[in-house]
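The values are calculated or read from the model by the stated rules, or taken from the named source; none is laboratory data. Just so it is clear, the model here is predicted, and its values are computed rather than measured. Here the Cβ positions follow ideal geometry from the backbone for every residue, glycine too, while neighbour counts run over all protein chains shown.
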Amino acid sequence: MGLNPLTSEERREAVSKATAARARRAEVKAALKAGALSLDKLFRQAEEDEALARLKVTDMLEAFHGIGPVRSLAILDHLGIAPSRRLRGLGVHQRQALIDFLEAH
């Protein structure tokens, strides 16, 4: 089963949409790093915003000061969350576990 080729206009729209989504995710990661956005608020926004719903949990964790790729994977392993998980894929208990863990550390 092959994919239907996109027209030039459809391709331009897709590129524009992808660029806007990356910019939105970068904006949110900067707000997390600056402390201007709480995890609870981010999770609520991700329920409405498709770009945020697709943010990988590892990328979100790495936005915090002092957390890099190795530490983010260790945190997820400790909490029993798959490294491939995105914000949309987190359950209520997983979200709360992340909030509690980051507040404690």
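Restricting attention to the range 75-105, the residues that are under 21 Å from His65 (Cβ atoms) and either of a type in the set (Gly, Ala, Ser) or at pLDDT below 95 (or both) add up to 5.
Of all residues assigned to the range 53-63, at least one qualifies as being modelled with pLDDT of 95 or more, among the polar types (S, T, N, Q) and touching a Pro at 6+ places or on another chain (Cβ under 7 Å). For the range 49-105, a residue qualifies if it is surrounded by 15 or more Cβ atoms within 10 Å (Cβ to Cβ) and among the polar types (S, T, N, Q), and the qualifying residues are Thr58, Ser72, Gln94. When every residue of the range 5-28 is checked against the conditions, none turns out to be within 22 Å of Ala104 (Cβ to Cβ) and either small (Gly, Ala, Ser) or surrounded by 13 or more Cβ atoms within 10 Å (Cβ to Cβ) (or both). Scanning the range 30-43 for residues that are closer than 16 Å to Val57 by Cβ and touching a Leu at 6+ places or on another chain (Cβ under 8 Å) returns Leu32, Leu39, Leu42, Phe43. Annotation note: Cβ proximity below 9 Å between a residue of the range 13-25 that is free of Cβ contacts under 8 Å to residues at least 60 places away in the same chain and a residue that is surrounded by 11 or more Cβ atoms within 10 Å (Cβ to Cβ) and acidic (Asp, Glu) (sequence gap 6+ or interchain) occurs for Ala21/Glu50; Arg24/Asp49; Arg25/Asp59.
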